[in-house]
Amino acid sequence: MPVILAAPGTGKSHWVGLNPRWSDADEWAASLGLHTAKWHASSHTEKQTMAHYRRIDAELEKLPADMFMIGSLYWDFVPDAIVLIDSKTHRDRVQSRPDLNWDQVSGVVQDLESRAATHGVPIFKTFDAAAAHVEMAAGVGRARGAFRDAVATLCLK
């Protein structure tokens, strides 16, 4: 059950649409009734929010080994990789979406950075590079372009 986490507004859904091996956590959670538009549109206490996202964490842990997931729905979950895109690009994308707020999204970015540091999770600048890393670790054949992305990622470190 390889999982990549990224903050809202990074292009996860778009990337998943171009990479059919991967699933979008928003669609997956909605299909299970875990994270619906109705839940998202209503207000919740911190305790309710924590319980909600911990339930999603528990379901992520149950994913089969051959299901590859990208999302931003988590509470305590430790992913296989994290994607943090260029800050200016990210901010521009968030500002163009009325459903997102930069203050909240930047909080998710900070949490992902902390999670990476605490748990040794690798951070990538692109979904291609993160997917290549995760797929290689899972023993899946490389996608076209993965070698170039892996080399670019190694050069960033």
Please go through region 44-129 and write out the chymotrypsin sites (Phe, Trp or Tyr not before Pro) that DSSP classes as loop and that have at most 16 other C-beta atoms within 10 Å. 75
When 22, 39 are ordered from fewest to most other Cβ atoms inside 10 Å of their Cβ, what list results? 39, 22
Cut-off is 10 Å between beta-carbons; in what order do 125, 38 appear when sorted fewest neighbours first? 38, 125
By how many nm would the segment from residue 43 to residue 65 grow when fully extended, if each residue of separation counts as 0.36 nm and the alpha-carbon distance is taken off? 4.5 nm
Given charges of +1 on the Cβ of Lys and Arg and -1 on the Cβ of Asp and Glu, with all other atoms neutral, how large is the dipole of the chain about its Cα centre, in debye to the nearest 20? 260 debye
Which of the lysines could a cross-linker span from residue 125 if the Cα-Cα distance has to be under 17 Å and same-chain partners fewer than 8 positions apart are dropped? 12, 88, 157
P(r) of region 11-78 in 10 Å steps, Cα pairs, percent per bin? 19, 52, 26, 4
What number, rounded to the nearest 500 deg cm²/dmol, is the helix-based mean residue ellipticity at 222 nm of the chain, given -39500 (n - 2.57) per DSSP H run of at least four residues and division by all its residues? -16000 deg cm²/dmol
Per-selection Rg to Rh, the chain - Cα, Kirkwood hydrodynamic radius: 0.95
Give me 59, 27 sorted ascending by neighbouring Cβ count inside 10 Å, so fewest comes first. 27, 59
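No lab work stands behind these numbers, since they all come straight from the coordinates. Note that the structure is a prediction, hence the values are computed from the model and not measured. Don't worry about glycine lacking a Cβ; one is built from the backbone with ideal geometry, like all the others, and counts go over all protein chains shown.
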